[in-house]
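J.: Have a look at this one.
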Amino acid sequence: MTEQQRTTGGELKVLTSNSMRGVMVPIAEQFEKTSGYRLAVSYDPAKVMLRRIAAGESADVAILGKPAIDTLTIEGKIDGNSRRTLARCGVGVAVRAGAPKPDISSIDALKRSLLAAKSIAYTTEGASGMYFSGLIERLGIADDIKAKARTTPGGLTGEFVATGEVELAVQQVPELLAVPGVELVGPLPQQVQNISTNAAGIFTNTHHRDAAQALLDFLMTSESKRIFRSKGLEPA
């Protein structure tokens with residue numbers, strides 16, 4: 001980054017998935033102090049973000065699931081040389097703070113707890129929600145769960161739990177931890193867990209290449225890795 005950029009700064013636009021919500025606030029605070037750039041962060045499920053980009057939207061940096069970054073690289077929208085693998089996370093279950101935590105320690109326990117719950121929230125276009133839809137089909141409980149489900153295309157399902165609208169929320173662990181007023185029950189049992197990998201890359205048409213590279217470099221630092229871990233992500 002040039003000295004002029006450090007002095008004048010500017011806005012760096014970041015398109016990212018909901019699993020990074022809890023991470024990006026402290027990341028932005030730290031990065032903005034040292035770079036002089038302000039991060040303008042937009043969140044959506046990767047599937048929705050890909051539609052937005054296909055419709056012509058662009059930015060400086062994308063932080064999405066690795067398959068989405070790979071797709072954007074093949075399409076020539078992300079510079080392949082800039083790609084970085086950042087962190088991994090799994091899917092979990094959350095309840096309202098102070099509520100009893102159901103047993104999800106095994107596949108059978110998870111199945112019983114899902115059937116016993118009065119209501120369950122999950123997304124229809126987020127990676128975790130699409131996986132969960134397939135999981136309940138494999139467990140043979142899809143009809144029962146769908147009958148009492150509160151679904152949303154994207155966003156944070158824990159918000160429905162925090163307000164008392166829904167008993168259980170299913171989503172990637174970092175997304176659940178990003179919502180005040182909810183408590184993580186735990187991750188799904190290992191036998192049915194789904195691990196997602198987040199990656200980052202620089203848009204080929206960015207006008208802030210140096211600042212974008214500085215952000216990617218910062219995401220690989222020990223300070224950023226500490227933030228990842230504190231928010232439910234395991235650094236790559």
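J.: Say whether the condition of being under 20 Å from Ala236 (Cα atoms), out of contact with any strand residue (DSSP E or B) (no Cβ under 8 Å at 6 or more places or on another chain) and surrounded by fewer than 24 Cβ atoms within 10 Å (Cβ to Cβ) is met by at least one residue in the stretch 48-67.
T.: Here is the first cut: in the stretch 48-67, the residues under 20 Å from Ala236 (Cα atoms) are 61-67.
If we keep only those that are out of contact with any strand residue (DSSP E or B) (no Cβ under 8 Å at 6 or more places or on another chain) too, we end up with 67.
Add one more test, that the residue is surrounded by fewer than 24 Cβ atoms within 10 Å (Cβ to Cβ), and what stays is 67.
So far as the stretch 48-67 goes, yes, one or more of its residues are under 20 Å from Ala236 (Cα atoms), out of contact with any strand residue (DSSP E or B) (no Cβ under 8 Å at 6 or more places or on another chain) and surrounded by fewer than 24 Cβ atoms within 10 Å (Cβ to Cβ).
Residues are listed down the side, and each one gets a yes or a no for (1) without any contact (Cβ under 8 Å) to a residue 24 or more places away in the chain; (2) of a type in the set (A, V, I, L, M, F, W, C):
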residue: Leu15; (1), (2): no, yes
residue: Ala54; (1), (2): yes, yes
residue: Glu57; (1), (2): no, no
residue: Ile63; (1), (2): no, yes
residue: Lys66; (1), (2): no, no
residue: Leu86; (1), (2): no, yes
residue: Val91; (1), (2): no, yes
residue: Gly98; (1), (2): no, no
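J.: Condition first: in a strand (DSSP E or B), closer than 16 Å to Pro67 by Cβ, in contact with a Gly (Cβ under 7 Å, 6 or more places away or on another chain) and not small (Gly, Ala, Ser). Can you find one or more residues in the stretch 85-102 that meet it?
T.: Within the stretch 85-102, one or more residues are in a strand (DSSP E or B), closer than 16 Å to Pro67 by Cβ, in contact with a Gly (Cβ under 7 Å, 6 or more places away or on another chain) and not small (Gly, Ala, Ser).
J.: Against the definition (out of contact with any His (no Cβ under 9 Å at 6 or more places or on another chain), assigned to a helix (DSSP H, G or I) and either within 30 Å of Thr34 (Cβ to Cβ) or acidic (Asp, Glu) (or both)), how does Glu175 come out, yes or no?
T.: When the stated conditions are applied, Glu175 passes them.
J.: Yes or no: the stretch 63-70 includes at least one residue that is at pLDDT below 95, assigned to a strand (DSSP E or B) and more than 20 Å from Gly158 (Cβ to Cβ).
T.: No, the stretch 63-70 contains no residue that is at pLDDT below 95, assigned to a strand (DSSP E or B) and more than 20 Å from Gly158 (Cβ to Cβ).
J.: Within the stretch 134-161, how many residues are crowded, with 18+ Cβ neighbours inside 10 Å and part of a helix (DSSP H, G or I)?
T.: 7
J.: Can you name every residue in the stretch 74-113 that is over 23 Å from the mean Cα position of the chain (by Cα), surrounded by 15 or more Cβ atoms within 10 Å (Cβ to Cβ) and not charged (D, E, K, R)?
T.: Ala99, Pro102, Ile107, Ser113 - these are the residues of the stretch 74-113 that are over 23 Å from the mean Cα position of the chain (by Cα), surrounded by 15 or more Cβ atoms within 10 Å (Cβ to Cβ) and not charged (D, E, K, R).
Residue by residue, here is whether (1) in contact with a His (Cβ under 8 Å, 6 or more places away or on another chain); (2) small (Gly, Ala, Ser); (3) outside any helix (DSSP H, G or I); (4) under 21 Å from Met20 (Cα atoms) holds:
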site: Ser113; (1), (2), (3), (4): no, yes, no, no
site: Glu125; (1), (2), (3), (4): no, no, yes, yes
site: Glu165; (1), (2), (3), (4): no, no, yes, no
site: Val179; (1), (2), (3), (4): no, no, yes, yes
site: Gln191; (1), (2), (3), (4): no, no, no, no
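J.: In the stretch 182-223, how many residues are under 14 Å from Gly80 (Cβ atoms) and among the hydrophobic types (A, V, I, L, M, F, W, C)?
T.: 5
J.: If I ask for residues that are of a type in the set (D, E, K, R) and either in a strand (DSSP E or B) or surrounded by 22 or more Cβ atoms within 10 Å (Cβ to Cβ) (or both), which ones from the stretch 221-236 would you list?
T.: Correct list: Lys231, Glu234.
J.: Being of a type in the set (Val, Ile, Thr) and over 15 Å from Val61 (Cα atoms) is the filter; apply it to the stretch 24-40 and report the residue that is modelled with the highest pLDDT. If you could, list the steps in order and put the result at the bottom.
T.: The initial filter retains those residues of the stretch 24-40 that are of a type in the set (Val, Ile, Thr), namely 25, 27, 34.
Among the residues that remain, those that are also over 15 Å from Val61 (Cα atoms) are: 25, 34.
Details: Val25: 93, Thr34: 86.
Looking at residues that are of a type in the set (Val, Ile, Thr) and over 15 Å from Val61 (Cα atoms), I get Val25.
J.: Inside the stretch 20-47, can you point out the residues that are hydroxyl-bearing (Ser, Thr, Tyr) and either assigned to a strand (DSSP E or B) or buried (at least 17 other Cβ atoms within 10 Å of the Cβ) (or both)?
T.: Taking the stretch 20-47 and keeping what is hydroxyl-bearing (Ser, Thr, Tyr), we get 34-35, 37, 42-43.
Selection gives Ser35, Tyr37, Ser42, Tyr43.
J.: From the set of residues in the stretch 162-197 that are closer than 20 Å to Leu64 by Cβ and of a type in the set (Ser, Thr, Tyr), which is surrounded by the fewest Cβ atoms within 10 Å (Cβ to Cβ)?
T.: First pass over the stretch 162-197, keeping only residues closer than 20 Å to Leu64 by Cβ: 171-178, 194-197.
Next, from what is left, pick out any that are of a type in the set (Ser, Thr, Tyr): 196-197.
Details: Ser196: 23, Thr197: 15.
Filtering first and then ranking leaves Thr197.
J.: Given the conditions (1) assigned by TED's automatic domain parsing to the domain that holds Gly98; (2) surrounded by 23 or more Cβ atoms within 10 Å (Cβ to Cβ), which single one is not true for Ala212?
T.: Here Ala212 clears every test but (1).
The values are calculated or read from the model by the stated rules, or taken from the named source; none is laboratory data. Note that the coordinates shown come from a computational prediction; the quantities given were computed from them, not determined experimentally. Cβ atoms come from the backbone with ideal geometry, glycine included; neighbour counts cover every protein chain shown.
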